[in-house]
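A quick write-up on the structure given underneath.
The values are calculated or read from the model by the stated rules, or taken from the named source; none is laboratory data. Just so it is clear, the model here is predicted, and its values are computed rather than measured. In this analysis, Cβ positions are derived from the backbone assuming ideal geometry, glycine residues included, and neighbour counts consider all displayed protein chains. Accessible surface is based on the protein model in full, side chains and every heavy atom, while ligands, DNA and RNA are left aside. Shrake-Rupley method; radii C 1.70, N 1.55, O 1.52, S 1.80 Å.
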Amino acid sequence: MPQRRHHNKSRHGCLQCKKNRTKCDEDRPQCGRCRRIDSACSLATQPTNLVFVAPRNAVHQKHAKNELSHTNHQSSSGSDGYSSRSPSDMMSIAASTPGTEPSDIECDFTDTEKERLRLMNYYALHTSKSITDIIIPQDQNQSLWGDWVTELAFKHNFLLHGLLGLSALHLALKGVSSQRHTVMAIRHHDLGVALFRPYLSNITPENHDAVFAFSCIVVLYTFGIQRPSESTEGPIDRLHQVFSLIRGSSFLVKADHETMARSRWSILMLPHPVPPTVLSPELEDVLSKLLLRAAMTPTAARIGIYEPAIQTLRDSLTIAVIYRRTKMTFSYFAVMCPPEFWSMVRIGEPLALAILANYAVTLDWLRRNIWMACWGRKIVDAARQALPQCWHECIAWAVQETERPSEADEIEVHSAST
């Protein structure tokens, strides 16, 4: 009597071969039989993910229980439970696990996935530190933008795109494949803004922190993407665009200041109102000259625009002197100035430009940071070129301050000379 021919049973064959009781070669995306007869193959649509199958009988369950007991016993005795196993034993265990055949595991990452992983890695290592450096450089607060905001981003896609966009822009400003990373930055930023818009009318305790984080990201992104050194457009016009965004993103703080003060964002909160402070003689002299010029303007403009703007400049200088590099000082002036002031800036009104130039010094104090680089000096230079000679005394301090090397610059020069 002839012996029966045995063959391995196809456990992962296509539905068409199973229906016809035909052995399937399980070739993807179309098995050999379906390809031969030009038939649709179910393997083309079946996922190749790893599948874990539970034990089907008491024997398997008992075996698994014994394995676990054996492992725990060895772990409690100081062994890891596997060190005594030979490589062949480990291979046998892996081979006996259902659904782990190499052909069933898809382990390749797409180019897009790899690029996003690179950007997130760069954000964690470098971009988050650049944010911390300009806002809260104390060591105990490094985890705010590096850890906590990253966790928020994994819960809110709009913030995740915001971090990816900022990371790509950071690389572009560093000169790393600038054109390619700028394109990536714009794409992620636009996606983030599109996803963010619906939240503006639906802020809840669950998304409040992510919304505020995204607002900060948008401000820094705009400072970076509008860098005056990267464009032929005037720096004052570009700063006006940045400040328009800052004013728009400040709604959250204004709407719920008490909640912000109780949250982890409280470290960024500035005192309001700003306590009266006597500034240095040279700053007091600058403010006096601006007030004297304001007194020569029509009463309505003086009371409604210029006097409030000069008071805001005083407060902004006070905050920058007291909290330099420890809070988000650069946004105060943009948020608190009367809206009409920016209209005067756009038409090149001399007093408005003089006020703006003196504020720009606070940006220049941050010029060592990649997001603030060039801003202060470029704005002061643009104001000096636009103002008549008789107004230069009002910005003399700003010109002198922006031409002076920063403390970090002086340290570098001294190191180089020695």
Which one of these does Gly304 not meet: (1) open to solvent by 10 Å² or more (accessible area, probe 1.4 Å); (2) modelled with pLDDT under 85? (2)
Within region 309-328, can one find any residue that is modelled with pLDDT under 90, assigned to a loop (DSSP other than H, G, I, E, B), surrounded by fewer than 14 Cβ atoms within 10 Å (Cβ to Cβ) and in the same structural domain as Gln400 (by the TED database)? yes
Condition met for Val149 (of a type outside the set (Phe, Trp, Tyr) and open to solvent by less than 40 Å² (accessible area, probe 1.4 Å)): yes
Does any residue of region 180-203 turn out to be among the hydrophobic types (A, V, I, L, M, F, W, C), modelled with pLDDT under 85 and farther than 12 Å from His161 by Cβ? yes
Residues within region 367-387 that are touching a Lys or Arg at 6+ places or on another chain (Cβ under 7 Å) and touching a residue at least 60 places away in the same chain (Cβ under 8 Å), tallied: 2
Among the residues of region 387-401, write down those that are of a type outside the set (A, V, I, L, M, F, W, C) and under 38 Å from the mean Cα position of the chain (by Cα). Gln400, Glu401
Return the total of residues in region 368-397 being outside any helix (DSSP H, G or I) and among the β-branched types (Val, Ile, Thr). 2
